[in-house]
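Colleague: Before we start, here is the structure in question, set down as structure tokens.
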Amino acid sequence: MDKRIAELVCKLEETHHLIEDEYCELIQNRTNESAELLAQRAVAVREPIYGKTVFTRGLIEVSNICKNDCTYCGIRRSNHNVERYRLEPDVIVSCAREGYKLGFRTIVLQGGEDAFFSDDVLGGIVARIKESCPDTAVTLSMGERSRQSYQNLFDAGANRYLLRHETANKGHYGLLHPKEMSWERRMQCLRDLRDIGYQVGTGFMVGSPHQTVTHLAQEMRFVEEFKPDMCGIGPFIPHHDTPFANEPAGTLELTCYLLSIIRLIYPPVLLPATTALGTIDPRGREKGMLAGANVVMPNLSPVAVRKQYELYDNKICTGEESAQCRGCLGLRMNLIGYELAVDRGDIRL
Ligand code: SAH
């Protein structure tokens, strides 16, 4: 093992901080050995906080209708080959109830930026889920909204919000999004959400087009500074009907490496082993756990619409019923010595 890399890992574990150049070094000069060392330290740091317990979130993909045109995303506005759908409020509430029966105590409502989901409509759904599923946290992941809207949804009972910043570098953001979208606005949303009192999840794609090692070092600095309750990272995977169709996907190896670093930066952080990670490798989510992740987010959407929420190609778990998904993940976790919890899965500060 390179002595310098071992020193950096040690410094990171002790101080939870490196400067940008040091992150660059740690990422640029990575080897199998440094990955193993980081994973081992990440699991050791996670152990006293979360043990081998895996938190679950039941994800309901409420709509693939979106007013935005993010260049990487399969459900972007200008993709006319998508069959668009939106779930009726009654269907969403019944998916949530089914999730509750299966043992989920966090329900995530995710979707495109679809104007149908006004504060009244979405707030109404949140309130109904809170009413019919005791001790359950509701997470929203419905994109950018005004501060007042976030406040209204919080008042309706939403507990958490997931909004990936996508990249911590403003110039890079501009290369991934159309010009009407703004990095500053995205960051402002995150600050608003935190101010209001939400538990906030953010995150970025690994290996997105034009991403450099310096950008990744800046991601690590962003985690140090913002300290999100959750940080969702997964590999970029090209979608055939987007301008990035021919770009290479991010890798399992780099994603796991960064998961370990993030665990060491902020030990209590909630770190999902994402569906995208499970898509690029059949044991991707297991490998994510072994690198320091502690959350999985299986799908609770009705099977009839699952293939239509296609953010990227070959997305897994589009054919199974919710119960099968939870069962399959439970088994996968047991095989590596982990156990799915029936728990809201709040951050343990
Ligand atoms: N409209 C919501 C939800 C977006 S979908 C919002 O804006 O937050 C959730 C996440 O999927 C995105 O934040 C993005 O990071 C990820 N995603 C989108 N397209 C992807 C792709 N091609 N490969 C990997 N991840 C992708």
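Colleague: Which of the trypsin sites (Lys or Arg not before Pro) found in region 231-300 are in a DSSP loop and have at most 16 neighbouring Cβ atoms, other than their own, within 10 Å?
Modeller: When the trypsin sites (Lys or Arg not before Pro) of region 231-300 are filtered for loop state and at most 16 Cβ neighbours within 10 Å, Arg283 remain.
Colleague: Oh, and also: How much accessible area does Thr212 have with a 1.4 Å probe, in Å² rounded to the nearest 10?
Modeller: For Thr212, solvent-accessible area is about 60 Å².
Colleague: Right, here's the next one. Can you give me the distance in nm between label points at Ala44 and Asp195, each placed 7 Å from the Cα along the Cα-to-Cβ direction?
Modeller: Here the modelled spin labels are 4.2 nm apart.
Colleague: If you fit an axis through the alpha-carbon atoms of helix 252-265 and take the longest principal axis of the Cα set of the chain, what angle between them do you get, 0 to 90°, nearest 10?
Modeller: Helix 252-265 and the main axis of the chain meet at about 80 degrees.
Colleague: Relative to the longest principal Cα axis of the chain, at what angle does helix 119-132 sit, 0 to 90 degrees, rounded to 10?
Modeller: The angle comes out at about 80 degrees.
Colleague: Let me ask something else about it. For the chain, list the cysteines whose Cβ sits under 4.7 Å from no other cysteine Cβ?
Modeller: When partners are defined as cysteine Cβ atoms under 4.7 Å apart, the chain leaves Cys10, Cys24, Cys66, Cys95, Cys133, Cys189, Cys231, Cys256, Cys317, Cys325, Cys328 without one.
Colleague: Shifting gears a bit: Return the FRET efficiency for the residue pair Lys179, Glu224: r is the Cβ-Cβ distance, R0 is 22 Å, and the value is rounded to the nearest 0.05.
Modeller: Computed FRET efficiency for Lys179 and Glu224 comes out at 0.15.
Colleague: Restricting attention to region 104-161, which chymotrypsin sites (Phe, Trp or Tyr not before Pro) occupy a DSSP loop and are surrounded by at most 15 other Cβ atoms within 10 Å?
Modeller: Taking region 104-161 and a limit of 15 other Cβ atoms within 10 Å, the loop chymotrypsin sites (Phe, Trp or Tyr not before Pro) found are Phe116.
Colleague: Follow-up question, since we're still on this one. What is the set of long-range amide H partners of Thr106 at a cut-off below 5 Å, with H atoms built 1.01 Å from backbone N?
Modeller: Amide H neighbours of Thr106: Gly58, Ala137.
Colleague: Could you pull the Cα extents of region 3-340 along its three principal axes, largest to smallest, in whole Å?
Modeller: Taking the Cα atoms of region 3-340, the three principal extents are 58, 44, 38 Å.
Colleague: Which percent of the accessible heavy-atom area of region 206-349 goes to carbon and sulfur, probe 1.4 angstrom?
Modeller: Its accessible area is 55 percent carbon and sulfur atoms.
Colleague: Can you tell me how much longer the chain between Ala35 and Ser146 gets when fully stretched, taken as 0.36 nm per residue apart minus their C-alpha distance, in nm with one decimal?
Modeller: So the extension gain works out to 35.9 nm.
Colleague: Show me the GluC sites (Glu not before Pro) within region 165-233 that DSSP assigns to loop and that have at most 12 other Cβ atoms within 10 Å of their Cβ.
Modeller: Glu180
Colleague: For the chain, what number of Lys pairs, 8 or more residues apart or on separate chains, have alpha-carbon atoms under 20 Å from each other?
Modeller: Pairs that pass both the separation and distance tests number 10.
Colleague: With a point put 7 Å past each Cα toward its Cβ, work out how far Thr53 is from Lys3 in nm, to one decimal.
Modeller: 4.3
Colleague: For an R0 of 30 angstrom, estimate the FRET efficiency from the Cβ-Cβ distance between Ser118 and Gln324 and round to the nearest 0.05.
Modeller: It comes out at approximately 0.35.
Colleague: If I take R0 = 35 Å and measure r between the Cβ atoms of Arg344 and Val91 in this structure, what FRET efficiency does the formula 1/(1 + (r/R0)^6) give, to the nearest 0.05?
Modeller: For R0 = 35 Å, the calculated efficiency reads 0.90.
Colleague: Here's another thing I want to ask about it. How far, in degrees from 0 to 90, does helix 183-196 lean away from the longest principal axis of the Cα atoms of the chain, to the nearest 10?
Modeller: Helix 183-196 sits at roughly 80 degrees to that axis.
Colleague: If you don't mind, another one. Extent of region 219-349 along each principal axis, from alpha carbon coordinates, in Å, largest to smallest?
Modeller: On the principal axes, region 219-349 reaches 39, 36, 23 Å in Cα extent.
Colleague: If each residue of separation counts as 0.36 nm, what is the full-extension length gain between Asp155 and Arg283 once their alpha-carbon separation is subtracted?
Modeller: 42.1 nm
Colleague: So what is the 222 nm mean residue ellipticity for the chain from helices alone, if each DSSP H run of at least 4 adds -39500 (n - 2.57) and you divide by all residues, rounding to the nearest 500 deg cm²/dmol?
Modeller: Rounded to the nearest 500, it is -14000 deg cm²/dmol.
Colleague: For Ala304, project a label point 7 Å along Cα to C-beta. Then give me every residue of region 86-121 with its amide nitrogen under 15 Å of that point.
Modeller: From region 86-121, the list is 86-95.
Colleague: Counting only heavy atoms of the protein chains, get the accessible area per residue of the chain (1.4 Å probe) and round it to a whole Å² value.
Modeller: Spelled out: the 1.4 Å probe surface of the chain, per residue, equals 39 Å².
Colleague: In addition: Run the numbers for Leu331 and His17: contour at 0.36 nm per residue of separation, minus the present Cα-Cα distance, in nm.
Modeller: Computed gain between Leu331 and His17 is 109.4 nm.
Colleague: To continue, here is another question. Place a +1 charge on the Cβ of each Lys and Arg in the chain and a -1 charge on the Cβ of each Asp and Glu, then give the dipole magnitude about the Cα centre in debye, rounded to the nearest 20.
Modeller: Magnitude of the dipole: close to 420 debye.
The values are calculated or read from the model by the stated rules, or taken from the named source; none is laboratory data. Every value quoted in this text rests on a predicted model; they were computed, and no experiment measured them. Here the Cβ is made from the backbone with ideal geometry for all residues, glycine too, and neighbour counts use every protein chain on show. For the accessible areas, the whole protein counts, side chains as well, though only heavy atoms, and no ligand, DNA or RNA atoms are used. Shrake-Rupley method; radii C 1.70, N 1.55, O 1.52, S 1.80 Å.
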